[in-house]
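Rule-based calculations on the coordinates, nothing more; no lab input. Remember, it's a predicted structure, so these values are computed and weren't measured experimentally. In this analysis, Cβ positions are derived from the backbone assuming ideal geometry, glycine residues included, and neighbour counts consider all displayed protein chains.
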Amino acid sequence: MASDHIVGIDLGTTNSLVAYMQGPAPAIIPGEDGLNLVPSVVALDEKNQIVVGNPARKYLIETPERAVYSVKRLMGRGLEDIQDELKFFPFRLADDLGSGEVLRIKIGDRTYTPPEISAQVLRQLKRNAERFFAGPVTKAVITVPAYFNDAQRQATKDAGRIAGLDVLRLVNEPTAASLAYGLDKKKNGIVAVYDLGGGTFDISILRLHDGIFEVIATNGDTHLGGDDIDNLLITIALDDIQGDLGLEVRRNGEAVARIRKAVIETKLALSTDPAAKLDVELPGGKWYRREITREMFESLIQPIIDRTVGPCKQALKDAKLKPEQIDEVVLVGGSARIPKVRQLVQDLFGRVPHTDLNPDEVVALGAAVQAEILGGGSTVTKEMLLLDVTPLSLGIEVGGGVTDKIILRNSTIPASATQYYTTQVDGQANVAIHVLQGERELARDCRSLARFDLKGVPPMPAGMPRIEVKFLIDANGILQVSAREQRSGQAAQIEVQPSYGLTDEQVENMLLESFDYAEEDFRQRQLIEARREADTILAALAKGKKNEAWHRLASDERRKIEMLEKALVAVQKEDDYQAIRNGIDALNQGTMRLAEFMMDSAVSTALKGKTMDETDLEEGPAAGHPVAKAQFE
Amino acid sequence: MRATHFCSACGKVQPPVPVDYFTFFGFPRKLNLDTAVLEKEFYALSRHLHPDLFARADTQERAWSLEQSSRLNDAYRTLKDPIKRTEYLLRLEGVELEEQSKQATERARATGELKKQAVPPDLLEEVFELNMHLEELRMQKKLGEDDPALLEEIGKAKLALEAKDDALFEELRSAWNQWDQTVDNGSEEARPPIRKHMVDVLNRRNYIRNLLRDVNEAIEN
C-alpha cells in the first residue's frame, strides 16, 4: 500500500527531516546522499535551477545573493514585524514590497514568498520519501513551534499545499517530541519539554495519562534560537575585523557568509571542547583568527539563553505547578546540545534533563507517530491521543481599541467561542470584526489576525439584527469563523482578509505554478536520462565494432548503422528529448542483427572452451535487447 | 458516557445536539461536582470525539467531530473551574452578571472613563485608604523613592484582601450546597434568593480580585 504512507515532517529553521513509522518505532528517511538532515536552504544554481538542502549550501558562500536560509523566521509575518531580522539576516526583499503585503524574498532575480520557499524544502523531503517508498507520498503531518500564531500556522499549511501535500495535521514541536519519548515509556506523570532550536524556543508542560498526552501549558518565543547565538558571534567577529585588521566587510555578502560558517563550526565545537579556533579567510587574502574558550562563549550567550527563563516560569505559573512537581524534563533542538543550556534547564527544574533521543531528530520522529495515529493507529499507537492547547489568547477588538479575549491561552483545542453582534445604524448591511491574537490588553499591542466583514445583513432598524459569530480554533491551532443572522436565519457572508497571509486563490496559483515547474523539472530529467542512455548505446556500439561479429554484417548494413550512429551523436547535443529518444530507438533497431551475431560468437567462444569476456556480452550494443531498456537512477 | 454523541449501533460521531454543558456530560445542574469523575468522563469522551480519530472520515463526519470535540473541551474547561461553573449555571438560569469583570475595567481604562463599580459598603473605608496608599506608592516609584513603611501598610492590606477572597469562596461553597438541595428536592421557589446571593458573592469577589490585581501591579511595576 505504497500510496497510503503518511509521513511526519519537521520543517525546521536550520534543518528539516521526514520520518515514518517503521513497524513499532519511528525512523528518519534519509536523502539520496544518505543523510538524515536536509538543511533548510534554498538556492538557484548556475543554470537557474532550484537546489535544496546540502547541495544548496555551497551557494550561501559562493553566490549569497542567490541563496536563502532561516526563512521560517519570515513565515506569516509582515514587513513591520521583521525589521529586527533584517538587521541580522541577509534577506533581500522584493523592491516593490508594500506595507501589509505578504513578504517576497529575492533569490537571484526571482522573488518568492516565504511559504513558496518552505514549499521547496517540503518538496525535497517529499521526493526523498517517494524515492524511499518507490511510490507517491501525498499526505503529511508537519510540525510547527508551539508558540506559532495563527498566521504562522496558516503559512506553514500553505507551504504544504504548494508542495503538493495534504497536510493532515500541524503538530506542535514539543508535543511531537513528547510523543516520541512517550512511545516506549508507558508512564503517567508531568513532563516538561524544553525545545531550543535554530530559530524558535518553546516550553510545553504535559500530563501523560494512560496514553493521553494532555498539554497543560505552553509558552515560548518564535524568534529565539541558535541563529541568535550565531548572529552575536558574527557581530563580534565583524567588530574585531574592523578594529584589528581595519577591514570593513559588513557589506560583503561572501565574507559575512564565510564568517557565519566559521562561527557555527566554532559554536558546535564548543559543545564538546573547552576551546575552539575561529579561522576565516577574508577577501584580499587576509585571515581572521582567534580562539574562543567555552568560558568566554558561555558568558557571551548568557543573555540569549536567559531569555528562555521567563517563558518557562510563565508556563509553570499557567499550569499551576511548581518546578519540583515536574517528573521529567526533555531537551529538544540543536541548541539544547550546548552544555550551558543543559545546566540552565537543570537549575530551573531541579533535575537532570533527558537527552536519550537525538535532539535534532526527535520532533520528526514524533510527527511520524502522530501520522500513524491519524492513519488509524497500530497496536503501538492505538491508545495514544494528543490533546494540545492554543498558545495565545484569541480576542476581538471592542470599543476604545480594547481586546476582548474570547478564547484564553492554554485552552484545549479544538476550542470555540460564540459572540453576538448587531448594527449601529438603520439598514446597516455590513459589520466589521477585527480578530486579534495575544495577551496584551490593547488591540494595537496584539497581533492582528484578520479583519472580517459580515456582509448581507438584512435591512433592519439599528440594534435589531442579532448576528451570531462562531470562532473555532481547530486541532491545528488555526481559526475558523462562521456567522449567521439569527432573526432572519440568513447565513452572513464572511470575507476574510488575512492580515499577512496568502488568500486561497494565491495558494492555488502557486500550487499550479509548482505543477508547471514540476513539469519543467520532469522534462529536464527526461532529457538528461535520454542523453545518458545515448552515451551508453554509443559506447556499446564502439565496442561492438571491434568484435568479429561486426565484419559478418553486410557492408551496406554497416553503413546504415554508422549513419544512425552519426544521427544520434548529432541530436544528442540538442535539447530535443524526442529526437534523442527516436535516435536511440532507431539505432537499437538497426543493431539488432549485430547483437545476435555477437551473442552467437560469445556462445561459440564459450563452447570452444575459451574464457568468455563477460563484459563483452553485458555491454553488447543492445544489452538486454530487445525487451529491457537500460535503467537509470 | 453519553450515548447521544455517537451512534450506539455503529459508533459513528453524531451531529451535535444543542444541550447545556451539564447535560453534555450527563450531570444534573448541580454546583458540587466531583472533578475526578468529570476528568474521567472528559478523557473517555475525548477518545471518541477528537478530530485525530476522524482524519480519514468523510467531510461531514469530520465537521461533526470538530464541533463535538470543541464543545467537549469548552464544557470541560467551564465545569472544571468552580467560578466559571457557577457563572455558567447562573447564566443558564437567566441571570446576566453585573459588568464588574476584568473586561469592563479594562474597557473603562482604555477609554479613560471611571470604572462603574459600586464599592461593597462593608469595604468602603478600607478601599478608600488602600487607594490613597497605592497612589502614594505610584508617585514614589516615579520619583525613585522607597518607603518601607508604606509597602508594609500595603502588604497588610493585601493579606486582608486575600483573607476576604478566601472567605468569599467559602461563602460561595455553602451557597452551592443550598442550591444543590433545591435541585434534589425540586423546590423551585427556594432558588431565586440563592441565585441572588451567589450573584452578590461573585460580584464582591470580582471586586476584591480587581483590587488585588491593582495592588500586585503597583508593587511589581
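Structural remarks
- In summary, the lysines within cross-link reach of A:K322, defined as a Cα separation below 22 angstrom excluding same-chain residues under 8 places away, comprise A:K187, A:K313, B:K80.
- Dipole of the protein assembly as shown, positive end: most advanced residue of A:L238, A:I561, B:H50 [Cβ charges, Cα centre]: A:I561
- The stretch A:360-447 - Debye-derived log10 I(q)/I(0), Cα point model, q = 0.21 Å⁻¹: -0.99
- Cα-projected label distance for A:L93 with A:H551, points at 7 Å along beta-carbon direction, nm: 7.7
- Backbone HN-Hα couplings from phi across the stretch A:379-391 [Karplus 6.51/-1.76/1.60, Hz, Gly and Pro as x]: 4, 6, 9, 3, 8, 8, 8, 9, 10, 9, 10, 8, x
- Sequence-distant lysines (8 or more away, or on other chains) whose Cα lies within less than 26 Å of A:K560: A:K543, A:K545, A:K546, A:K573, A:K629
- Distant-in-sequence amide contacts of A:Q480, defined by a placed amide H-H separation under 5 Å and a gap of 5 or more residues or a different chain, comprise A:L472, A:I473, A:D474.
- Long-range lysine pairs (8 or more apart or interchain), the stretch B:112-220, Cα under 24 Å: 14
- Spacing of the modelled spin labels on B:E93 and A:Y420, each 7 Å from Cα toward Cβ, amounts to 2.0 nm.
- Sum of side-chain charges, A:D150 neighbourhood, beta-carbon under 11 Å (Lys, Arg +1; Asp, Glu -1): +2
- Sorting A:L17, A:L436, A:L300, A:L472 by the number of Cβ atoms found within 10 Å of their own Cβ, with the fewest placed first, yields A:L300, A:L472, A:L436, A:L17.
- Orientation-averaged projection of the stretch A:1-85 equals 8.1 nm² [convex hull of Cα atoms, one quarter of hull surface area].
- Ranking of B:W176, A:W287 by count of other Cβ atoms within 10 Å, fewest first: A:W287, B:W176
- Other protein chain C-beta atoms within 10 Å of residue C-beta, averaged over A:411-424: 3.
- Centroid-to-centroid separation of the stretch A:218-255 and the stretch B:35-98 [C-alpha atoms, Å]: 49
- Semi-axes of the equivalent ellipsoid for the stretch B:112-220, Cα gyration tensor, largest first, Å: 37, 14, 10
- When A:R444, A:R66, A:R110 are arranged by Cβ crowding within 10 Å, least crowded first, meaning fewest neighbours, the order is A:R444, A:R110, A:R66.
- For the residues of B:14-25, the average number of beta carbons from a partner chain within 10 Å of their own beta carbon is 0.
- Counting only residues at least eight positions apart within a chain, or on another chain, the aspartates and glutamates with an alpha carbon under 19 Å from that of A:K566 are A:E533, A:D535, A:D556, A:E557, A:E574, A:D575, A:D576, A:D585.
- FRET efficiency, 1/(1 + (r/R0)^6) with R0 51 Å, evaluated for B:C7 and B:E170 via beta carbons: 0.70
- Taking the C-alpha atoms of chain A, convex hull volume expressed per residue in Å³: 226
- Given A:K405/A:K470; A:K58/A:K157; A:K58/A:K277, the pairs whose alpha carbons are separated by over 25 Å: A:K58/A:K157
- Positive-end residue of A:V141, A:A129, A:P283, charge dipole of the protein assembly as shown with Cβ unit charges: A:A129
- The charge dipole of the protein assembly as shown, taken about its Cα centre with unit charges on the Cβ atoms of Lys, Arg (+1), Asp and Glu (-1) only, comes to about 1240 debye.
- Assigned charges on the beta-carbon of Lys, Arg, Asp, Glu; the stretch B:112-220 dipole about Cα centre (debye): 440
- The residue among A:A367, A:Y577, A:G225 whose Cα reaches farthest toward the positive pole of the charge dipole of the protein assembly as shown, with charges on the beta-carbon of Lys, Arg, Asp and Glu, is A:Y577.
- Using R0 = 35 Å, the C-beta based FRET efficiency linking A:M599 and A:A27 works out to 0.20.
- Cα centroid separation - the stretch A:127-170 against the stretch A:446-477, whole Å: 29
- Assigned charges on the beta-carbon of Lys, Arg, Asp, Glu; the stretch A:55-135 dipole about Cα centre (debye): 540
- Residues whose amide H comes within less than 5 Å of that of A:V329, counting only those at least five positions distant or on another chain, are A:A192, A:H354 (H built at 1.01 Å from N in the peptide plane).
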